[in-house]
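A short worksheet on the structure shown next.
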Amino acid sequence: MSLGPDKIQVPKLLLVTGTWAPPFVAYLILLHYRIAYIRITNPGNSFGDHLKSTRRAGKDPADLQNPDPLYVAIRSQQNFMESVPFVLFLAGVAEVNGGNKKALNICLAVLFVLRVLHVEAGLKIKGTRGLGRPLAYYTTQSMTLGLATYSGWLAKGYWGF
């Protein structure tokens with residue numbers, strides 16, 4: 001417990017979620033940086049989702065043999081942003097409702113490792129088809145469903161069950 005400005009004891013909430021926020025944000029910043037770096041080192045690419053050279057050549061930016069690096073960097077960031085905030089939210093809901101802190105820590109640790117593998121051992125592998133990609137995708141979906149179910153189960157008393 002800590003003392004608030006009015007000397008009222010305020011319990012510390014969301015310790016598990018708060019513990020995992022910095023690593024997730026650090027990796028998100030790295031993903032942002034990669035996009036910015038590609039744009040800065042390739043003049044004339046300050047807007048759009050693939051390099052000007054790819055557009056001029058009429059190539060598909062998602063070509064599996066030679067994917068556009070800007071497109072891959074943007075998709076890496078978008079895939080991260082599509083799932084991580086919602087899973088962190090669900091973990092926070094479970095934590096506030098008395099969820100098992102050890103289980104939530106393990107869950108968020110696994111999520112972090114898998115989201116990094118999704119990019120580093122998935123999208124960035126030649127052909128963007130590394131093992132990290134499907135492994136992270138299916139596990140993240142299962143984790144989202146599991147945390148939503150767990151959060152609902154923790155709140156079951158509210159509905160009279």
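The values are calculated or read from the model by the stated rules, or taken from the named source; none is laboratory data. Model, not experiment: these values are computed from the prediction. Counting neighbours? That spans all protein chains shown, and the Cβs are built from the backbone with ideal geometry, glycine included. All accessible areas refer to the heavy atoms of the entire protein, side chains included, with ligands and DNA or RNA removed. Shrake-Rupley method; radii C 1.70, N 1.55, O 1.52, S 1.80 Å.
The figures follow:
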item	result
Candidate lysines - alpha carbon under 19 Å from LYS102, same-chain residues fewer than 8 apart omitted	LYS12
Calculated FRET efficiency for the pair LYS12/TYR33, C-beta based, R₀ 30 Å, to 0.05	0.45
Cβ-derived FRET efficiency at R0 41 Å, LEU145 paired with ILE40, nearest 0.05	0.55
Estimated [θ] at 222 nm from DSSP helical runs (n ≥ 4, -39500 (n - 2.57)) normalised by residues in the chain, nearest 500	-22000 deg cm²/dmol
Point-charge dipole on Cβ atoms (K/R +1, D/E -1) for the chain, about Cα centre, debye to 20	280 debye
Accessible surface of SER46 - all protein chains present, 1.4 Å probe, nearest 10 Å²	100 Å²
Accessible-area composition of segment 88-144, carbon plus sulfur, in percent [1.4 Å probe]	67 percent
Linear extension gain, TYR158 paired with MET81, 0.36 nm per residue minus alpha-carbon span	24.6 nm
Relative contact order %, the chain, counting alpha carbon pairs below 8 Å whose residues are six or more apart	22 percent
Which of GLY92, ALA103, MET81, positive extreme of dipole for the chain (C-beta unit charges)	MET81
Karplus 3J(HN,Hα) series, Hz, for segment 133-150 with 6.51 cos²θ - 1.76 cosθ + 1.60 (x for Gly, Pro)	5, x, 4, 5, 4, 5, 5, 5, 5, 5, 5, 4, 5, x, 5, 5, 5, 4
Read-out semi-axes √(5λ) of the Cα gyration tensor in Å, derived from the coordinates shown; its label in [x] 43, 16, 13; [y] 38, 19, 12; [z] 36, 14, 12	[y]
Packing-based ranking, highest mean first, of 91-103, 110-122 given that Cβ atoms within 10 Å are counted	110-122, 91-103
Dipole of the chain [Lys/Arg +1, Asp/Glu -1 at C-beta], most positive-end residue of PHE112, LEU135, TYR33	TYR33
Chain lengthening between VAL25 and LYS102 when straightened (0.36 nm per residue, less Cα-Cα)	25.6 nm
Gain upon complete extension [LYS126, PHE112; 0.36 nm per residue less C-alpha separation]	2.8 nm
